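The values are calculated or read from the model by the stated rules, or taken from the named source; none is laboratory data. Just so we're clear, the structure is a prediction, and the values are computed from it rather than from any experiment. Heads up, the Cβs are rebuilt from the backbone with ideal geometry, glycines too, and the neighbour counts pull from every protein chain shown.
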Amino acid sequence: MKSKMHNPPHPGEVLKELYLDGLNLKIIDAAEALNISRQNLSMIVNGHVGISPVMALRLGKAFKTEPEMWVNMQKNYDMWHARKKSIQMLKKVKELA
């Protein structure tokens, strides 16, 4: 089982670099526009929490992107890290089909 990607970025990193920094937005201003707390957005941007489907909807509307883009970035990030952490455990799992 090989990972198809090499260490994909956390979607919060993409949000910060491409959207917040790219549009010269401060976290407090973006949080207000998204109708969330500054702390919540800061946790996302710093990679401490993931992008939920509801947050993906908010980001999609605010930045005129497809919500699926954010959900897919989060899925790719989560799967890469899960695979990396589970290499030894998966060796013990037997195939059934």
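Is at least one residue of the stretch 32-45 over 13 Å from the mean Cα position of the chain (by Cα), assigned to a helix (DSSP H, G or I) and aliphatic (A, V, I, L, M)? Yes, that holds for at least one residue. Beta carbons closer than 6 Å, at least 6 apart along the sequence or on distinct chains, pair a first residue in the stretch 7-28 that is under 25 Å from K84 (Cβ atoms) and at pLDDT 95 or above with a second that is of a type in the set (F, W, Y) and not in a loop (DSSP other than H, G, I, E, B) for P8/Y77; P8/W80; H10/Y77; P11/W70. Quick check on N72: is it surrounded by 14 or more Cβ atoms within 10 Å (Cβ to Cβ), touching a Pro at 6+ places or on another chain (Cβ under 6 Å), assigned to a helix (DSSP H, G or I) and not basic (K, R)? Judged against the criteria, N72 is not a match.
Every test in (1) in contact with a helix residue (DSSP H, G or I) (Cβ under 9 Å, 6 or more places away or on another chain); (2) at positive phi; (3) modelled with pLDDT of 95 or more is passed by V49 save one, and that test is (2).
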